[in-house]
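Below is one structure; the comments refer to it alone.
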Amino acid sequence: MKQREERPETAAVHAGKLQIPANPASSPALFQASSYEFSDLDDVEAVYGGARAGKIYGRYGGPNGSQFEAAMTELEGAEEAAAASAGMSAIDAALGSALAGKRRSILATAECYGGTYSLLEHDYRGSGCAVEYVDQQDLAAVRTALERTRPAVLYLEALTNPLIHVADLPALAALGHEAGAVVIVDATFATPMLFRPVEHGADLVVHSVGKYLGGHGDVGAGLIAGKANLVRGARDLLTRKGGTIPHFEAWLAVRGLRTLGLRMLRHSSNAVAVATYLSGRDDVERVHHPSRPDHPQHALAKRLYPSGTGGMIAFDLRGGRRDVDRFLRGLQTIAIVHSLGEVATTASYPAVSSHRMLPEDARRELGVTDGTVRISVGIEHPEDIVRDLERAFAGLGERVRA
């Protein structure tokens, strides 16, 4: 065995080299390094200048992040993608890129996620950006607002939270582009397995990766995909602000993508089964799911989402918050989790979680009441999901059906 000439302290730092096998691993390797070596100054210039596809430093992104971005570029049918440290980082970078060099004005869906609403109000309106909201389901109202405000950005949600309203994206994107706006769509609830906004006219699509894309409740990350120039602007913002995706999160996200197709089909079919069950209960005032004939975008959902609309359901309990509390206490296998998209079925109460940032009158105007419960339907057997719901309804005083 060859002996090193260095003293033990030096050898401990430099001994041993990772041998990468000549034949590739069957699953992606994890590159947890925070920095990379260069052979000389010419190599430094080549990598920094983009002439060679090397890596520099963790904040600039690593191999696992690049792999996830390449996968999402392909899945979304986009020109390019950039991965972020969180869904909100992705939204912020997408907005920042779209607003660069333009009038700082945003027209957003009135049903935007509470975190997005908070970002728009505190960080954009608070810094002088003009922000207005519109009902994205009302095309005439959208057209009027666009003509009046001429915004730089039209911000939409493909499937809204929590009432699962369906955006007529082809029509909305056309209206946005007529007004000269960059069209950004949050497609977290849909994923590219069910709907690809870029194919319907969106300039950028954003995701909270910790939801369906990751799928197992163990990822914190975001994703931007779409037109190359806008994505590159977003990536520059993420790099400057330290918002790029961590290596391990990117590795987990790629792992999640490998089962995304199977999971989204099961989420969707289970949600239909649960919505059907809920619609037959007297203590449920209304079920919000596009599979129901009384849903306002039922026909549109069938056209734009032929494979299903994912696992999100909302319903209104007649007894308001008091019954919601008793209902949630009665659940045994369905946990109260204020996130979504995991393999396990979870429940949340939007009034105190996703929509607590909204003023009460604004929340009620959207249709999110004190009795609204949101269910993220998982991939378990649908009969077992329904059985746990029945246990919770029994706690409201009704005898469980045999």
*When a/c is below 1.5 the answer is rounded, else prolate if a/b is larger than b/c, else oblate, so apply that to the chain with a ≥ b ≥ c taken from the square roots of the Cα gyration tensor eigenvalues.*
oblate
*asked:* Quick check: the distance between the Cα centres of region 127-176 and region 78-99, to the nearest angstrom?
replied: 18
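By how many nm would the segment from residue 362 to residue 52 grow when fully extended, if each residue of separation counts as 0.36 nm and the alpha-carbon distance is taken off?
106.5 nm
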*Which FRET efficiency, nearest 0.05, do residue 332 and residue 140 yield, Cβ-Cβ r, R0 45 Å?*
0.45
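For region 313-389, count the residues as N, evaluate 2.2 N^0.38 Å, and divide the Cα radius of gyration by that value, please.
1.10
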*Shape metrics for region 58-257, restricted to C-alpha atoms - Rg then Dmax, Å*: 15.5, 46
*Evaluate the relative contact order of region 260-394 (contact order divided by residue number), counting alpha-carbon pairs under 8 angstrom at least 6 apart; express in whole percent.*
30
*Extension gain residue 12-residue 60, at 0.36 nm per residue separation less the Cα-Cα distance, in nm?*
14.4 nm
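I need the chymotrypsin sites (Phe, Trp or Tyr not before Pro) found in region 1-50, filtered to DSSP loop residues with at most 15 other beta carbons within 10 Å of theirs. Could the numbers behind the result be given before it?
Details: sites: 31, 36, 38, 48; in loops: 31, 36, 38.
The qualifying sites are 36, 38.
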*asked:* Between region 182-202 and region 216-245, how far is it from one alpha carbon centroid to the other, in angstrom?
replied: 16
*Of all the stretches in the chain, which is the longest one without any exposed loop site, taking GluC sites (Glu not before Pro) in a DSSP loop (any state but H, G, I, E, B) with at most 14 other Cβ atoms within 10 Å?*
38-397
*asked:* Is there a quick way to get the dipole size of the chain? I mean about its Cα centre, with the Cβ of Lys and Arg at +1 and of Asp and Glu at -1; what is the value in debye to the nearest 20?
replied: 320
*Estimated inter-spin distance, residue 216 and residue 199, nm [label 7 Å along Cα→Cβ]*: 2.8
*Most fluctuating residue given options 13, 377, 185, as computed from a GNM of the chain linking Cα atoms under 10 Å*: 13
*Enumerate the aspartates and glutamates that residue 302 could reach by cross-link, defined here as Cα to Cα under 14 Å, with residues fewer than 8 away along the same chain left out.*
168, 294
*Cα gyration tensor of region 217-327, axes a ≥ b ≥ c as square roots of the eigenvalues: rounded (a/c below 1.5), prolate (a/b > b/c) or oblate?*
prolate
*Between 221, 234, 22, which gets the highest mean-square fluctuation from a Gaussian network model of the chain, Cα cutoff 10 Å?*
22
*In Å, the Kirkwood hydrodynamic radius of region 69-125 over pairs of distinct alpha carbons?*
12.8
*Using DSSP loop states and a limit of at most 14 other Cβ atoms within 10 Å to flag trypsin sites (Lys or Arg not before Pro), what is the longest stretch of the chain containing no flagged site?*
104-257
*How far, in nm, would the chain grow between residue 150 and residue 232 when pulled straight, counting 0.36 nm per residue and subtracting the alpha carbon separation?*
27.1 nm
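Which value, in Å³ per residue, describes the convex hull spanned by the Cα atoms of region 260-394?
Dividing the Cα hull volume of region 260-394 by its residues yields 107 Å³.
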*lysines within cross-link reach of residue 55: Cα-Cα under 19 Å, excluding same-chain residues under 8 positions apart?*
17, 241
*For the chain, what is the percent of antiparallel DSSP beta bridges, rounded to the nearest 5?*
60
*At a Cα cut-off below 20 Å, give the aspartates and glutamates reachable from residue 102, other chains included and same-chain residues fewer than 8 away excluded.*
92, 121, 123, 132, 147, 178, 203, 236
*Only helical DSSP H runs with n ≥ 4 go in: add -39500 (n - 2.57) per run for the chain, normalise by residue count and round the 222 nm mean residue ellipticity to 500 deg cm²/dmol.*
-11500 deg cm²/dmol
*asked:* What is the distance in Å between the Cα centroid of region 361-401 and that of region 321-348?
replied: 8
_Relative contact order of the chain, defined on C-alpha pairs under 8 angstrom at six or more residues apart (%)_ = 17
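Taken together, the values in this text are just the output of simple stated rules run on the coordinates, not laboratory data. Computed from a prediction, not measured in an experiment: that's the story for all the values here. All Cβ positions, even for glycine, are placed from backbone atoms using ideal geometry, and neighbour counts span all protein chains on display.
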